[in-house]
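A.B. asks: So that we are looking at the same thing, I have put the structure below in structure tokens.
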Amino acid sequence: MIEMTNVSKIYQTGKIASKALDQISLTISQGEYVLLTGRSGSGKSTLLNILSGVDHLTEGSVRINQQEITSLNEEELSSWRGKELGIIFQFFQLIPTLSVMENLLLPMDLVNTVAKDQRERKAMELLKLVGLSEHRDKLPNALSGGEQQRVAIARALANDASILLADEPTGNLDSANAESIFELL
Ligand code: ADP
Ligand code: MG
């Protein structure tokens with residue numbers, strides 16, 4: 001499902017070049033649950049950002065579900081990403097001015113994979129799945145960190161993406177909440 005071959009990434013800041021990834025090859029099959037660990041600065045976020053096409057590699061190849069993503073332009077990438085990937089962030093990145101329900105509807109409205117009259121029903125199913133259906137009309141700020149991350153997971157599932165990427169999804173949670181987020185994932 002995911003195949004990275006000899007991927008290198010060099011960040012160039014002025015005259016200073018720093019190699020964040022050095023010839024990384026990696027294969028991940030459908031159904032696998034993979035944890036990537038390493039000290040701060042070892043390149044975990046860089047690798048995820050290259051997998052999601054948010055950042056560009058310097059060298060190598062990334063194939064996801066048979067698609068060579070380095071050959072897509074920015075516009076193709078963003079529509080590909082909206083359909084194929086669910087992304088979960090350390091700081092949740094919910095839209096603060098939208099309700100929980102509206103946050104879940106947003107990715108479906110952007111990508112158009114779910115029929116318009118089915119979106120709210122689908123969002124409610126996802127909220128049930130993460131145990132938050134009674135919070136549908138609240139703003140994210142009115143929820144605890146653990147609850148916000150549950151909303152973010154529901155949002156990442158909204159378009160039936162085949163791949164879920166999460167960058168330190170429990171990095172901002174206490175250990176009890178972190179445990180329950182791992183169980184949910
Ligand atoms: P991790 O997520 O494992 O903490 P990162 O992927 O964020 O590590 O960073 C890997 C290395 O790349 C670090 O040395 C970091 O300083 C460098 N780096 C990350 N992003 C940039 C950037 N935009 N410009 C320059 N260097 C960067
Ligand atoms: Mg990181």
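A.B. asks: Solvent-accessible area per residue for the chain at a 1.4 Å probe radius, Å²?
C.D. replies: Details: 10490 Å² over 185 residues.
With the other protein chains kept in place, the chain gives 57 Å² per residue.
A.B. asks: Something else about it: Roll a 1.4 angstrom probe over the protein heavy atoms and tell me the percent of accessible area of the chain that is carbon or sulfur. Kindly include the intermediate steps, with their values, before the conclusion.
C.D. replies: Working: 5170 of 10490 Å².
Carbon-and-sulfur percentage of accessible area, whole number: 49.
A.B. asks: Given the chain, what count of lysine pairs have C-alpha atoms under 28 Å apart, with each pair 8 or more places apart or on different chains?
C.D. replies: So the count works out to 14.
A.B. asks: While we're looking at this one, here's another question. Can you give the helix-only mean residue ellipticity at 222 nm for the chain, where every DSSP H stretch with n ≥ 4 adds -39500 (n - 2.57) and the sum goes over all residues, rounded to the nearest 500 deg cm²/dmol?
C.D. replies: Working: 6 runs with 65 residues, N = 185.
That calculation yields -10500 deg cm²/dmol at 222 nm.
A.B. asks: Expressed as a whole number of Å, what is the distance separating the alpha-carbon centroids of region 10-38 and region 56-77?
C.D. replies: Centre-to-centre distance over Cα atoms comes out at 14 Å.
A.B. asks: Under the 0.36 nm per residue contour assumption, what length would be gained going from the current alpha-carbon distance of Leu110 and Glu59 to full extension? Please list the in-between numbers first.
C.D. replies: Values: separation 51, 0.36 × 51 = 18.36 nm, distance 3.10 nm.
Answer, rounded to one decimal: 15.3 nm.
A.B. asks: Would you mind checking the tilt of helix 74-84 against the longest principal axis of the Cα atoms of the chain, expressed as 0 to 90 degrees and rounded to 10?
C.D. replies: 50
A.B. asks: With angles folded into 0 to 90 degrees, how steeply does helix 100-111 sit against the dominant principal axis of the chain? Use alpha carbons for both and round to 10.
C.D. replies: 50
A.B. asks: Let me check against my output: what whole-number percent is the relative contact order of the chain, with C-alpha pairs under 8 Å and at least 6 apart? Could you put the intermediate results ahead of the total?
C.D. replies: Working: 270 pairs, mean separation 40.1, N = 185.
The normalised contact order for the chain reaches 22 percent.
A.B. asks: How large is the translational diffusion coefficient of the chain in µm² per second when you combine the Kirkwood radius over alpha carbon pairs with Stokes-Einstein at 20 °C and 1.002 mPa s? List each step's numbers first, then the result.
C.D. replies: Details: Rh = 17.6 Å.
In µm²/s, the coefficient is 121.
A.B. asks: Tell me, what does the Kirkwood hydrodynamic radius of region 1-83 come to in angstroms if you use every pair of distinct C-alpha atoms?
C.D. replies: 13.5
A.B. asks: Right, something else. By how many degrees, between 0 and 90 and to the nearest 10, does the Cα long axis of helix 175-184 differ from the longest principal axis of the chain?
C.D. replies: Roughly 90 degrees, rounded to the nearest 10.
The values are calculated or read from the model by the stated rules, or taken from the named source; none is laboratory data. In this text, all values refer to a predicted model and were calculated from it rather than measured experimentally. What goes into the accessible areas is simple: the full protein's heavy atoms, side chains included, and nothing from ligands, DNA or RNA. Shrake-Rupley method; radii C 1.70, N 1.55, O 1.52, S 1.80 Å.
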